[in-house]
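The structure appears right after this line, and notes come after that.
The values are calculated or read from the model by the stated rules, or taken from the named source; none is laboratory data. All of these numbers come straight from a predicted model, not from anything done at the bench. Here Cβ is always computed from backbone atoms with ideal geometry, including for glycine, and neighbour counts include all displayed protein chains.
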């Protein structure tokens, strides 16, 4: 191979390397633009916060909760809350716990109000309470009113976590591993 042929081959290789360098510069610029776009605030607006929907009917809540990724439950201020979280919606069911009050009547007798007593055995269980949806509650403590003239005592309820998880699992058709006691905001 002559000296001129060698120079031409070298020029050809140099031109190919220059073209590859330009292509690499273009690819690096595109990659940097993609990275900047992913980290921009615009991405946040593409994923809006989940829509919160409060349902009054337990059957409708159950129907919507089938697609839930997580179910949370708790009692806050005498209200049972159950939230079914999906990818873009949070379904909420609320129900007020039964109000059972004790007050002193004439002669110091205790008077219970707030429930119907079918028989004596049912009466003791009634103190534990039950929601309209069928979930059983446990009597937690008695809260005294601030009225000194006519003091009343209100029975407050709580949930048994294990029982509630099993009950919700059966009702909603969701494995109990995806049901937690607490709240998600």
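Quick one: is residue 75 modelled with pLDDT of 95 or more, outside any loop (DSSP other than H, G, I, E, B) and over 17 Å from residue 170 (Cβ atoms)?
It is false that residue 75 is modelled with pLDDT of 95 or more, outside any loop (DSSP other than H, G, I, E, B) and over 17 Å from residue 170 (Cβ atoms).
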Is it the case, given these coordinates, that residue 155 is assigned to a loop (DSSP other than H, G, I, E, B) and either surrounded by 13 or more Cβ atoms within 10 Å (Cβ to Cβ) or outside the structural domain of residue 64 (by TED's automatic domain parsing) (or both)? no
Residues 87, 23: which one is closer than 30 Å to residue 181 by Cβ and at pLDDT below 95? 87
Out of (1) modelled with pLDDT of 80 or more; (2) in contact with a helix residue (DSSP H, G or I) (Cβ under 6 Å, 6 or more places away or on another chain), the odd one out for residue 115 is which? (1)
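What about residue 52, is it surrounded by 10 or more Cβ atoms within 10 Å (Cβ to Cβ), in contact with a strand residue (DSSP E or B) (Cβ under 6 Å, 6 or more places away or on another chain), at pLDDT 90 or above and more than 30 Å from residue 138 (Cα to Cα)?
Numbers: surrounded by 10 or more Cβ atoms within 10 Å (Cβ to Cβ): yes; in contact with a strand residue (DSSP E or B) (Cβ under 6 Å, 6 or more places away or on another chain): yes; at pLDDT 90 or above: yes; more than 30 Å from residue 138 (Cα to Cα): no.
Against the criterion (surrounded by 10 or more Cβ atoms within 10 Å (Cβ to Cβ), in contact with a strand residue (DSSP E or B) (Cβ under 6 Å, 6 or more places away or on another chain), at pLDDT 90 or above and more than 30 Å from residue 138 (Cα to Cα)), residue 52 does not qualify.
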